[in-house]
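The values are calculated or read from the model by the stated rules, or taken from the named source; none is laboratory data. Being a predicted model, the structure only gives us computed values, none of them experimental. Backbone-built Cβ (ideal geometry, glycine too); neighbour counts: all protein chains shown.
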């Protein structure tokens, strides 16, 4: 869950910067052969968000002071750096792996268990790697776009990687069920709170929010795989992209 939510945050940021509003009725995107099903799931997820997640996130923002919310985000970000370090190794990115591991050590030791992001203050770069990116590194195409119930935007490759990504989330390694569930709920709520303005702007700016989110997600994942530097002749509409 936490891996997916980090992707969604980046998707909305990219979509708002790109300003791409797509009108319904355009030709079917070859990357999205299951569009009819995906739109139905997207609609279900949107209703669930409006009824549960968004109100909870608004209450969280209204009740929890900003410095505390920053600490919560830093804490979960520190946990995520552990899985990033592992996937950097899987992708033979030695420098990224070392930097991510150093971030964990520094923030855990000097940042009150990760509540403070001391590593960023020391200008140690933050990387984000997951097992979907690792599969792409070793040549697996993304496959069709897929919207998952509750979990949201994905691809066939990222969905296949999800079980290992969830295993790599240290929150899921907490043995006590109530603590694990509480941490997961807090993480989801904190990230959704950070998307409140972005999601409102998406719905106001996009003629078709579904394609807006889809295109942003797919472009963001391609940029992730290529560390932000895809080849200049890259065809973003190729359904067999790595």
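When the residues of the range 17-36 are narrowed to those that are exposed (fewer than 12 other Cβ atoms within 10 Å of the Cβ) and part of a helix (DSSP H, G or I), which ends up modelled with the lowest pLDDT? Only one residue tops the list, namely 17. Applying the set (1) under 29 Å from residue 85 (Cα atoms); (2) at pLDDT below 95 to residue 203 leaves exactly one unmet item: (1).
Against the condition in contact with a helix residue (DSSP H, G or I) (Cβ under 9 Å, 6 or more places away or on another chain) and either in a loop (DSSP other than H, G, I, E, B) or modelled with pLDDT of 95 or more (or both), how does residue 52 come out, does it pass? Answer is no for this residue.
Quick check on my filter: what residues within the range 184-208 are free of Cβ contacts under 8 Å to residues at least 24 places away in the same chain and surrounded by 15 or more Cβ atoms within 10 Å (Cβ to Cβ)?
Within the range 184-208, none qualify.
Answer yes or no: is there a residue in the range 219-226 that is touching a helix residue (DSSP H, G or I) at 6+ places or on another chain (Cβ under 8 Å), at pLDDT below 95 and surrounded by fewer than 16 Cβ atoms within 10 Å (Cβ to Cβ). Within the range 219-226 (the criterion being touching a helix residue (DSSP H, G or I) at 6+ places or on another chain (Cβ under 8 Å), at pLDDT below 95 and surrounded by fewer than 16 Cβ atoms within 10 Å (Cβ to Cβ)), the answer is no, since none of the residues qualifies. In this entry, residue 85 is excluded by the filter for residues that are modelled with pLDDT of 95 or more, more than 20 Å from the chain's Cα centre (by Cα) and not in a loop (DSSP other than H, G, I, E, B).
Note on the range 108-119: residues that are within 20 Å of residue 87 (Cβ to Cβ) and more than 20 Å from the chain's Cα centre (by Cα) total 2.
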